[in-house]
1. From R24, R39, R98, R59, grab the single residue that is more than 22 Å from G132 (Cα to Cα) and free of Cβ contacts under 8 Å to residues at least 12 places away in the same chain.
2. Could you pull out the residue among F60, F37, F46, F112 that is closer than 23 Å to R24 by Cα, buried (at least 16 other Cβ atoms within 10 Å of the Cβ) and of a type in the set (F, W, Y)?
3. Out of all the residues in the stretch 64-87, is one or more touching a Cys at 6+ places or on another chain (Cβ under 8 Å) and more than 15 Å from R26 (Cα to Cα)?
4. Mind telling me which of the residues D57, D42 ends up being within 18 Å of the chain's Cα centre (by Cα) and acidic (D, E)?
Amino acid sequence: MAREVIRVRNEFYIRSSSARVDVRTRVLKQGDTFAVFDRFGDIETFGTGELGLYYQDTRFLSRLTLKLGKDRPLLLSSTVREDNAVMAVDATNPDAWRDGEIVIPRGTVHVFRSKILWEKTCHERLRIHNYGRA
């Protein structure tokens, strides 16, 4: 496990992370299908339990998460179109550690997620862009 506070000479750095519990949700709806996501576009099992993918008021999916390695991406922004048809999420990577060193600094990789509901199915598209050297 990486240390939370890192000291380099006389400078201190704190490992970046995101809050795990967030009460704000994003809702998509199309016909008899609707989905309730957190702001990251995930369906997690904690909180009040309303997150999920539903058809005719029955939940068919209760967990769906995106991880970069073992970590959740850092949220930059998320929005749902006014007609509740499309969700867009912009995120980036947290610091990636190996043997006590940062091998991929946070903000090196951009992750774009878009979600739509269509014909009783949730579709997701991921677009990943590496801004690093490798």
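1. On the way: R24 fails: free of Cβ contacts under 8 Å to residues at least 12 places away in the same chain; R39 fails: free of Cβ contacts under 8 Å to residues at least 12 places away in the same chain; R98 fails: more than 22 Å from G132 (Cα to Cα).
Matching residue, one of R24, R39, R98, R59: R59.
2. Details: F60 fails: buried (at least 16 other Cβ atoms within 10 Å of the Cβ); F46 fails: buried (at least 16 other Cβ atoms within 10 Å of the Cβ); F112 fails: buried (at least 16 other Cβ atoms within 10 Å of the Cβ).
F37 is the lone residue from the list that is closer than 23 Å to R24 by Cα, buried (at least 16 other Cβ atoms within 10 Å of the Cβ) and of a type in the set (F, W, Y).
3. Of the residues in the stretch 64-87, the ones touching a Cys at 6+ places or on another chain (Cβ under 8 Å) are none.
Taking every residue of the stretch 64-87 in turn, none turns out to be touching a Cys at 6+ places or on another chain (Cβ under 8 Å) and more than 15 Å from R26 (Cα to Cα).
4. Working: D57 fails: within 18 Å of the chain's Cα centre (by Cα).
Answer to the check: D42.
All of the numbers you see were taken from the coordinates with simple rules; none came from a lab. Computed from a predicted structure; not experimentally measured. Cβ: placed from backbone, ideal geometry, glycine included. Neighbour counts: every protein chain shown.
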